[in-house]
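The next block holds one structure in the form of structure tokens; read it before the comments.
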Amino acid sequence: MRQMNLFAFLWNTGAHVAGWRYPASTDEGQHSLEFFQQVAAIAERGKLDAIFFADSVGFHRTRGKQAFACVDHVKMAPLPLISALAATTKNIGLVATASTSFNHPYALAREFASIDHLSHGRAGWNIVTSTGDNEAHNFGLDQNYGHADRYARATEFVEVVCKLWDSWEDEALLMDKASGRYSNPDRIHGLDHAGTFYKVKGPLNVARPPQGHPVLVQAGSSGTGQAFAARFAEAIFTSHPGIETARTFYADVKRQVMAVGRDPAKVKVLASVQPLVAETEAEARRIAGELNALVHPDLGISMLGGFLGGIDLSKEDPNGPLPDNIPETENARSTRERVMDWAKKENLTIRQIADRIAAERTSRSLIGTPEQVADGLIDWFNGGACDGFIIGAPWLPGGLERFVDGVVPILQKRGVFRTEYEGTTLRENLGLERPANHFVMHPEDHAEPEIW
Ligand SMILES: Cc1cc2nc3c(=O)[nH]c(=O)nc-3n(C[C@H](O)[C@H](O)[C@H](O)COP(=O)(O)O)c2cc1C
């Protein structure tokens, strides 16, 4: 039977924006290694494929005094975090977000290669182009790169990173004590890359990662973003409140994967879900209400402004509709369109959309008993909407614990989720092949490393 893949989306202290205020959530801060170790251990106990850390490289945009309520102001750097968690976990994949606009390919290739080694093949990279001007402002720019420019950079960035990972063939590291040969120079390749955005000589100074390369994840939803994902991604994150758009996205993206000559079964589409699990549906709904009541009233409106491309809605009537003149954005274009579409179709006021965004962001919410949540997941999985899910527990660690102890056993009983890890690497657990080495496939690309 086809198996679903499950990632735990570790949104700070929980996917619900007021999760941190929920009395049952941990009092340990988001800077605590012990907190993340505890949460990772719960996810691993549930045999989830991976834990995933989102990221942005700027102070989260909120306006005015509601800033004090915003949990998103803290975001620890994901790479050190997954590196630390590699030491206390054994099987679970470790997926970190990193920007192609505000990093350098050599440095990032090296960090991910190192973590893939340290974790024995459990690293994954969520490739983002960074949508915010607040991020650009930290890297010498007055304004972020335009959408097309960001993806042009991302394309060259990923090409270079993948070649760096391949710059050592698998057999390049000899460590032959008898002959004294540490490595085989015939199997180490320079890049001599000089492109539009980057100039990188190579090779890397870390041997080829155990997985060949870390699993590549992407979440572009615009046309350009989808085309990029179809070319590079091995797992695609997506976010849909309803099954219809999820199905359309799934079919479109799989078609594009096929069109570029890749096997669609080897590209996993994962939909984000916020499950709120309790013994009875009434209890789950009561908790949802309790969480929503903890959202500071201005925070949702500020978040909504962010989702619409960084506009200020504080002067608008919260009981009226969204203004007509919301400017086009070069930032999160597809998110803006989705939210506006939502508001129009359901005739929602600013306050109503804001409340929903505060509770669910733009993903699907499943509130109910373990059976109901499992049914909701299986409906989408069997209904042509996705290959699995990114689980954003509303608060941590309890919200994830309820999912792992309540929902996972049902998915296992129904034969759609593993009872044991299939392999030792993230790639093996996702059923993905180890990629062929670029320089073995294209020896003509070899450039003699400068040092010899
Ligand atoms: C589940 C999910 C997780 C995402 N995580 C991040 C993230 O950590 N950092 C980030 O800058 N963008 C993140 N994004 C945004 C996407 O990378 C992308 O910018 C967005 O979907 C807009 O698509 P586009 O780039 O094609 O316009 C995420 C999107 C989804 C659906």
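The values are calculated or read from the model by the stated rules, or taken from the named source; none is laboratory data. Everything quoted here is computed from the prediction, not taken from an experiment. Cβ: placed from backbone, ideal geometry, glycine included. Neighbour counts: every protein chain shown. For accessibility, only protein heavy atoms count, side chains too; no ligands or nucleic acids. Shrake-Rupley method; radii C 1.70, N 1.55, O 1.52, S 1.80 Å.
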Quick check for me: using +1 on Lys/Arg Cβ and -1 on Asp/Glu Cβ, what's the dipole size of region 44-168 about its Cα centre, in debye to the nearest 20? 420
Dipole of the chain, positive end: most advanced residue of P370, W342, F7 [Cβ charges, Cα centre]: P370
Cα gyration tensor shape for the chain, rounded if a/c is under 1.5, else prolate or oblate: prolate
Counting only protein heavy atoms and rolling a 1.4 Å probe, one gets per residue an accessible area for region 53-203 in Å² of 44
With Cα coordinates, the longest principal axis of the chain makes an angle with the long axis of helix 243-259, in degrees rounded to 10, of 20
Rolling a 1.4 angstrom probe over the protein heavy atoms, how many square angstrom per residue are accessible across region 360-410? 24
Ignoring ligands, DNA and RNA, what percent of the accessible area of the chain is carbon or sulfur (1.4 Å)? 52
Of A230, C162, P318, which is farthest on the positive side of the dipole of the chain, counting Cα position, with +1 on Lys and Arg Cβ, -1 on Asp and Glu Cβ, and the Cα centre as origin? P318
Helix 350-360 against the longest principal axis of the chain: what's the angle in degrees, Cα atoms only, rounded to the nearest 10? 50
Between region 108-180 and region 217-260, what's the alpha-carbon centroid distance in Å? 21
Towards the positive end of the charge dipole of the chain, with charges on Cβ (+1 Lys, Arg; -1 Asp, Glu), say which of G261, F197, G415 has the farthest Cα. G415
Treating the beta-carbon of each Lys and Arg as +1 and of each Asp and Glu as -1, no other charges, what is the dipole magnitude of the chain about its Cα centre, to the nearest 20 debye? 380
In degrees, nearest 10, range 0 to 90: what is the angle between the Cα axis of helix 223-232 and the longest Cα principal axis of the chain? 40
Charges at C-beta only: +1 for Lys and Arg, -1 for Asp and Glu. How large is the resulting dipole of region 134-260 about its Cα centre, in Debye rounded to 20? 80
